1. Which three extents, in angstrom, do the Cα atoms of the range 88-162 have along their principal axes, listed largest first?
2. Translational diffusion coefficient, Stokes-Einstein: compute it for the range 1-107 using the Kirkwood radius over C-alpha pairs as Rh, at 4 °C and 1.567 mPa s, and state it as an integer in µm² s⁻¹.
3. Need one number: nm distance between label points at Trp89 and Thr224, each 7 Å from Cα along Cα→Cβ, rounded to one decimal.
4. For every helix of n ≥ 4 consecutive DSSP H residues, a contribution of -39,500 (n - 2.57) applies; sum these over the chain, divide by its total residues, and give [θ] at 222 nm rounded to the nearest 500 deg cm²/dmol.
5. Starting at 0 and stepping by 5 Å, how many percent of the alpha carbon pairs of the range 227-322 end up in each bin?
6. Taking only Cα atoms of the chain, what ratio of Rg to Rh do you get with Rh as the Kirkwood inverse-distance radius?
7. Given Cβ point charges of +1 (Lys, Arg) and -1 (Asp, Glu) and nothing else, what value in debye, to the nearest 20, does the dipole of the chain about its Cα centre take?
8. What is the packing order of peptides 118-125, 277-284, taking the mean over residues of other C-beta atoms within 10 Å and listing the highest first?
Amino acid sequence: MTGSSSAPCEALPVWYGKRARDLPWRRTRDPYAVWVSEIMLQQTQVSTVIPHYIRWLETFPDLHALSRAPEDAVLKAWQGLGYYRRARWLHMAARRIMEQHHGMFPTSLDEIQALPGIGRSTAGAIASICFEIPAPVLDGNVRRVLHRWTGKDAMADRELWRLAQAYIDNSDDPGTWNQAMMELGATVCTPKAPKCDACPVHGHCASAGRRDLSEKERGRRKRTRPIDLHWRVHLHLDPNRGLWLVKRPDQGIWSGLWSPPITEMEPTARAQPDHVHLLTHRRLHLYASLEADPPEQQVEGAWVHTTVRHALPTGIVQLLRRRRLLDADGQRIHATGASS
Ligand code: SF4
């Protein structure tokens, strides 16, 4: 590090005040809205989150509305964001807040962190932005910025948290500080080609101007090959009743979502998948199979003409679109439009 931990505490918030992107969740300090945005942003890009965030707040404007909603409605509202576990956590936490906190969002760091799906970093974001508690955020962006400031190749988590806490203790406004750190990592100190010339804390950073940064960091990252799965997607179509969907099991990939029945299959050289869908550690090869026989009806299922009330995984939506079974808006089923 080329300066003290107080040096960027002046420059960075000033830069943030002038250059921060105008994002909808930055116009509020309502903990419910900030919490929803933080959870949505965990594994999804800002541009994807914006319309979902706006629609979510229209559908579930507050904790009361979310806690009263059935799970299917919550999953449907999440459709398109992926990692549905996050939607279940929001739902579960909203119900817990209603039961244990009389419907008021908790105001202490420990209570916030005790809610389902809220880790230390997300709790820090909510606590600092909404309640001015000096608790740091340590997401991927902030980690990268701290690594670069120190110029150290490796730092243990404990050291990173200690450093993040030291900076926030030196700041006058913890919420602005945390948001400025995240914004710096997202827009200036980016993984590839950081814009050091435009960086407000250039003079404080041990890595400023180094051209080898991204290559070096890429080399440190472990690469894991995704596991290939081959799934047959059984399409039972009926011009009068629509498409047969079943609810996926509570555990495993796409748990709790709705989909045509799926069975695993052995890949063959002759069969080409209709769609290949990537998950974090899995590559799903999806093969559409038009079925003449009626579906097995022991499992929870429904004939549908529209997907308005059912949350479908993105991979299935894409597969149905490819087979021209879904409208462009992704909702109306064309039960007679299957192409072989
Ligand atoms: S000077 Fe460059 S490497 Fe350092 S924090 Fe700024 S953008 Fe990142």
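Every number here is computed from the coordinates shown, using simple stated rules; none is lab data. Owing to the predicted nature of the structure, the values given are computational and were not obtained by experimental measurement. Neighbour counts are summed over all protein chains in view; Cβ atoms, including those assigned to glycine, are modelled from backbone coordinates with ideal geometry.
1. So the extents along the principal axes, rounded to whole Å, are 47, 26, 17.
2. 84 µm²/s
3. 1.7 nm
4. After summing the helix terms and dividing by the residues of the chain, the value is -12500 deg cm²/dmol.
5. Going from the shortest bin to the longest, the percentages are 3, 13, 24, 27, 20, 10, 4, 0.
6. Over the Cα atoms of the chain, Rg/Rh equals 1.04.
7. It comes to approximately 1060 debye.
8. Ranked from most to least packed, the peptides come out as 118-125, 277-284.
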